[in-house]
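Below you'll find the structure, written out as structure tokens, and then a few comments.
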Amino acid sequence: MPAPSTVGKARRSRVGATRPDKAALISSGSTIDFATLNRRANKAANMLLNLGCELHDRVAVMSFNFLGDHLRDRLDPSGAS
């Protein structure tokens, strides 16, 4: 794994690797653990790759300030967290 560029990234990488069940995001009463966050981030990255994005491409995201059902369902349509 490449070295994280900030102390915060290093800490998150270490926590996510050693405690995948630990809460990574808490929003509107919903909690997402590091393992789920990692799986969803990888799925989103693969969706961008399938759309033709390449490494170092700039991508804009317009979203609400929470992971609402619309985004959660898009990244994990099975309903499993």
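The values are calculated or read from the model by the stated rules, or taken from the named source; none is laboratory data. Note that the structure is a prediction, hence the values are computed from the model and not measured. So basically every Cβ, Gly included, is an ideal-geometry build from the backbone, and we count neighbours across all protein chains shown.
The set of residues from the range 12-31 being hydrophobic (A, V, I, L, M, F, W, C) and in contact (Cβ under 8 Å) with a residue 24 or more places away in the chain comprises just one member, Leu25. Filter the range 1-36 down to the residues that are at pLDDT below 85 and part of a helix (DSSP H, G or I) and list them by number. Of everything in the range 1-36, those that are at pLDDT below 85 and part of a helix (DSSP H, G or I) turn out to be Val7, Gly8, Lys9, Ala10, Arg11, Arg12, Ser13, Arg14, Val15, Gly16, Ala17, Thr18.
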